[in-house]
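Visitor: Structure provided below as structure tokens; questions to follow.
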Amino acid sequence: FAPSPISPGHSAVSKSNPRTSALYYTRPPDRPSDASAPLAEDPSADLLALADTERWIASTADASDVRKEVRYVCEGASSSAASPLGVAHRVVSRLADARRAGEAFGEHRRRRLEEESRGGDWAAKLLELEERMANPPKKKWGVKEGEEGKSQRLAKEDQLSFRQTLVVVLPGCKEYQSNFTAFDNLMQTINSSRRDTRTLVTKSDDEAKEGDAIPKWTTSVVLAHLHPLWGMDDEPEPDENEDPKLTAYKKHRLDARRSPYPTIVIEVLTTPPNVMRSEEKQDPPKPASKKQAEKKEEKSVTLSDLQKLEAAFGLSSAATSDAADDNLQTSPLEQAAGWIDAHDPAYHGESRSLFEEHGTSLADEAYDSVLAALARAQAESSGSSLPDDQYMVMPNFLPASATSLEKFAAWVTKILDAMPADVALPRVETFHPESTNEEKRCPVPVVALRWQAVE
């Protein structure tokens with residue numbers, strides 16, 4: 001890899017040999033005597049955090065455990081990550097960015113494969129590329145490689161998989177710098193919310209579109225976290241009878257988690273679809289027996305069943321048809337604002353309420369939008385007064401499932417509950433056109449954030 005200069009004070013790239021690699025920024029200032037204190041709002045302080053973290057990784061990790069290239073980013077005290085809400089927002093924002101980067105690579109590579117196969121057997125073409133990537137021809141030293149040999153090699157832009165590791169250093173938040181339990185609770189809650197996202201009924205662009213001959217690439221994003229006080233609360237007492245090798249292993253395992261500053265590590269991996277080789281393909285399934293076919297016909301949905309469902313829901317649909325026609329004439333934001341003004345008893349008027357419309361349909365982007373709005377409102381409010389109530393209008397997010405929107409709001413509440421106790425936080429409510437509660441049946445999905453004082 002060629003050296004890559006960076007913008008001062010914010011990011012760095014470590015090269016293939018972490019123990020001898022140079023950092024492409026100027027010498028940082030001396031480390032303060034109180035290492036646990038958060039860094040000041042100074043660009044040079046970000047350089048100090050980056051340098052300390054890179055040297056710690058180089059001295060702690062084995063050479064076999066370090067990626068060829070690791071990107072370092074510092075969310076210092078001068079950024080929005082100087083508060084607990086800001087940290088939560090920057091974490092979910094980085095996760096969404098990583099997912100988008102992986103999916104963009106997968107879509108680009110899928111389109112290229114579609115062009116290269118030219119409507120033919122794309123699976124055979126993919127297998128050929130995977131074989132070339134797994135067994136590249138070896139270049140003999142002293143022998144000039146011919147054009148045929150060069151054509152057999154896969155250039156960097158022709159790789160089928162995408163892998164990127166990002167280390168985000170968070171030295172600016174004093175609440176998390178000296179409190180491992182709070183930082184660990186926040187990261188664990190964010191990871192749990194990401195796992196539960198699979199159960200939400202989303203209207204996602206990730207679903208395969210009709211006419212797509214080649215399946216989409218698979219993207220996975222993993223989040224891990226490090227902290228200077230990792231394991232201090234439950235560190236076991238030394239045992240004199242314990243095997244010295246086991247003791248050294250436990251110590252190394254703890255040291256590998258004790259970074260100089262609160263840090264998160266994000267890894268994104270995008271891989272092509274699995275393709276079975278011809279010799280691995282299974283025999284086609286046997287045709288169903290006569291009894292199985294009869295059972296299948298009995299369980300199938302008939303036209304009569306559909307007509308009964310239409311009759312059951314026809315009354316409510318007819319009653320609301322005029323209102324639906326009126327809603328088509330206004331924007332989702334205007335629909336939500338008008339309905340909230342007329343039906344929400346907790347609405348405080350335009351002077352103390354803020355409406356925002358977000359077009360996202362994906363859960364990670366919805367978390368990003370909500371936490372960004374909360375962090376921004378907290379930063380802009382004065383110390384004595386609470387921020388205005390916020391109504392996040394999301395017409396494309398979970399439009400067909402009020403239960404999923406309630407689950408999403410519950411996870412936002414859990415993330416907020418993981419914050420330190422002395423932080424003012426809002427109460428999260430939802431409104432949805434499919435809600436079982438008529439008092440919350442807004443024409444479009446809305447997430448309401450009502451700020452409340454610290455008890």
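Every read-out reported here was derived from the displayed coordinates using simple, explicitly stated rules and does not represent laboratory data. Since we're looking at a predicted model, the values are computed, not measured. Every residue, glycine as well, gets a Cβ built from its backbone with ideal geometry; the counts of neighbours run over all protein chains shown.
Visitor: Take the Cβ-Cβ distance between Arg376 and Asp243 as r, set R0 to 45 Å, and report the resulting FRET efficiency rounded to the nearest 0.05.
Guide: The computed FRET efficiency comes out at 0.25.
Visitor: Still on this structure, I have one more. What is the calculated FRET efficiency for Glu116 to Ser385, with r their C-beta to C-beta distance and R₀ = 56 Å, to the nearest 0.05? Provide the component values of the computation, followed by the final result.
Guide: Working: r = 61 Å, r/R0 = 1.08.
Efficiency at R0 = 56 Å is approximately 0.40.
Visitor: Sticking with this one: If I stretch the segment between Ala58 and Arg441 completely, what's the gain in nm (0.36 nm per residue apart, minus their alpha carbon distance), one decimal? Don't skip to the answer; put the middle values down first.
Guide: Numbers: separation 383, 0.36 × 383 = 137.88 nm, distance 5.54 nm.
That works out to 132.3 nm of additional length.
Visitor: Calculated FRET efficiency, Thr413 and Thr218, Cβ-Cβ r, R0 30 Å, to nearest 0.05? Could you put the intermediate results ahead of the total?
Guide: On the way: r = 31 Å, r/R0 = 1.03.
E(calc), rounded to 0.05, equals 0.45.
Visitor: Under 5 Å between amide hydrogens, which residues at least 5 positions from Thr218 or on another chain qualify, with H placed 1.01 Å from N in the peptide plane?
Guide: It is Thr271, by chain and number.
Visitor: Which net charge results for the neighbourhood of Arg352, defined as the other residues with beta-carbon distances under 12 angstrom from its beta-carbon, given Lys and Arg at +1 and Asp and Glu at -1? Numbers along the way, then the final one.
Guide: Values: positive: Arg450; negative: Glu350, Asp388, Asp389.
So the surrounding residues net to -2.
Visitor: Report the charge-dipole magnitude of region 321-453 in Debye, nearest 20, computed about the Cα centre from +1 at each Lys and Arg Cβ and -1 at each Asp and Glu Cβ.
Guide: 460 debye
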